[in-house]
1. Report the residues of the stretch 27-48 in range of a label on His105: point 7 Å along Cα→C-beta, backbone N strictly under 20 Å from it.
2. On the accessible surface of the stretch 16-103, probed at 1.4 Å, how many percent belong to carbon and sulfur atoms?
3. Restricting things to alpha carbons, find the Rg to Rh ratio for the chain using the Kirkwood radius for Rh.
4. When all alpha-carbon pairs of the stretch 363-463 are counted, what percent fall beyond 20 Å?
5. Between the DSSP loop rule and a limit of at most 11 other Cβ atoms within 10 Å, which GluC sites (Glu not before Pro) in the stretch 9-79 are left?
6. On the accessible surface of the stretch 363-463, probed at 1.4 Å, how many percent belong to carbon and sulfur atoms?
7. Between Asp186 and Leu314, what FRET efficiency follows from the Cβ-Cβ distance if R0 is 25 Å, with the result rounded to 0.05?
8. So which trypsin sites (Lys or Arg not before Pro) in the stretch 245-318 are both in a DSSP loop and have at most 11 other Cβ atoms within 10 Å of their Cβ?
Amino acid sequence: MSNRMWGGRFAEGPDAIMEEINASIDYDRKLYRQDIAGSKAHVRMLAEGNIVSKDDADKIAEGLDAILLEIEKGEFAFSRALEDIHMNVEARLSDLIGPAAGRLHTARSRNDQVATDFRIWVRDTLDTFDEQLTDLLTALATRAEEYSGTVMPGFTHLQTAQPVTFGHHLMAYVEMFARDRSRMRDARKRMNECPLGSAALAGTSFPIDREMTAKALGFDRPTANSLDAVSDRDFVIEAVSNASIAAMHLSRLAEEIVIWCSAQFAFIRLSDKFSTGSSIMPQKKNPDAAELVRAKSGRIYGGLTGLLVMMKGLPLAYSKDMQEDKEQAFDALSSLSLALAAMTGMVRDLEANEKAMKKAAGSGYSTATDLADWLVRVVGMPFREAHHVTGRIVATAAEKGIDLHRISLADMQAVDGRITNDVYSVLSVDKSVRSRTSYGGTSPVNVRKQARRWLKALAREADKA
């Protein structure tokens, strides 16, 4: 029995193992909307150029609309024997309208077809990420404004370093996710070229209008080289690469949420909406949503590595290896989408334990740098000398087992007699954060200003949309 797709060249059907390894319909059926949209644009262009008749083009378009409806209603019978979404749609079209269906594939190949479908899907996904990242930025900036004056410890090496505000900490993630959104937008702009019409690899002898199909599908222009067009997967690699960076940022915030929720820190609480319990320990309330966001980064990184390894040794133009791009991309990008939604929910849900944060902010001699700065500013010491003097005062406080702001003036003057009672004006955590007024610093005034600037900018974007 000859193969339905390959016609006269093959006298027999594929071996069962060949069918198993070759079929992609189990996952590329996800591209059905993009595939049908591409086919409709292609056939309209063929009719406009008198390459197929208007009557056949109308039948094809009507048949494609009927297939789209069948798929969306769950009535379409996908066949693994037909390998992929392209052949499944074309075969069903033939069933519906007869021989006219065979004209749809004029002047195109599955190579440019899948490249076009996949680009549209990735482009749509990047648009979704833009919306999700905007939601996350809005949630973070809103909470940052709310907690602009809430003091917490800032860390280096996960050791208490200097007091900061919780709002300032949240605004750091606004900057990170804003860069992620910018990268997604850059990638979308770069990938928005249409491969349709490149055919298998060399273009076509038919007088097609690639500008027309590109415009119909929302692309800025057609791709300029047919070899590159069918074999390029930079667009999905860049998307997953950007997703990997965003996942890393999500994982960092998720890790902090896990730490902050612990009894040892108790900086924040998550409601039951984003927590789970234990099957054996009734007291447990686990930040599982954050832990799973943290774990998703590994899946996303795996997708990027898989894509890079898949492409690294392929000669021009198309090779069947490229069929392996979709499962990895679908999994990686859907994982990011879920992680973004979960993180946005947690940011909106969390409640800060301001008392615990402030208490922790004063531990570990966190205002030591403020003392050193005071010695420079008031006493006139070179900073290195002030650093040394402050270190000796901290050592004295440590020996006595007291916080820095509770050490006596006499003990400080025993280290350096030029220290006056005015030094206590800089040793509280509240005064420390208020003093950090340099651009980008942690002072509540700065944080409110930055948060409001972001919220206004995001509101303007929404108004323009």
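1. Answer for this model: 27-47.
2. On the stretch 16-103, the fraction of accessible area on carbon and sulfur atoms equals 49 percent.
3. Details: Rg = 30.5 Å, Rh = 26.4 Å.
That ratio is 1.15, to two decimals.
4. Values: 2327 of 5050 pairs.
Above the 20 Å cut-off, the stretch 363-463 has 46 percent of its Cα pairs.
5. On the way: sites: Glu12, Glu19, Glu20, Glu48, Glu62, Glu70, Glu72, Glu75; in loops: Glu12, Glu75.
Answer by residue number: Glu12, Glu75.
6. On the way: 2900 of 5520 Å².
That fraction is 53 percent.
7. Values: r = 25 Å, r/R0 = 1.00.
Result of the calculation: an efficiency of 0.50.
8. Numbers: sites: Arg252, Arg269, Lys273, Lys284, Lys285, Arg294, Lys296, Arg299, Lys312; in loops: Lys284, Lys285, Lys312.
Qualifying residues, ordered by number: Lys284, Lys312.
The values are calculated or read from the model by the stated rules, or taken from the named source; none is laboratory data. Quick caveat, the model's predicted, so the values are computed rather than measured. Cβ sites come from the backbone with ideal geometry, for glycine too, and all protein chains shown count toward neighbours. Remember, those area values only see protein heavy atoms, side chains included, never the ligands or the DNA or RNA. Shrake-Rupley method; radii C 1.70, N 1.55, O 1.52, S 1.80 Å.
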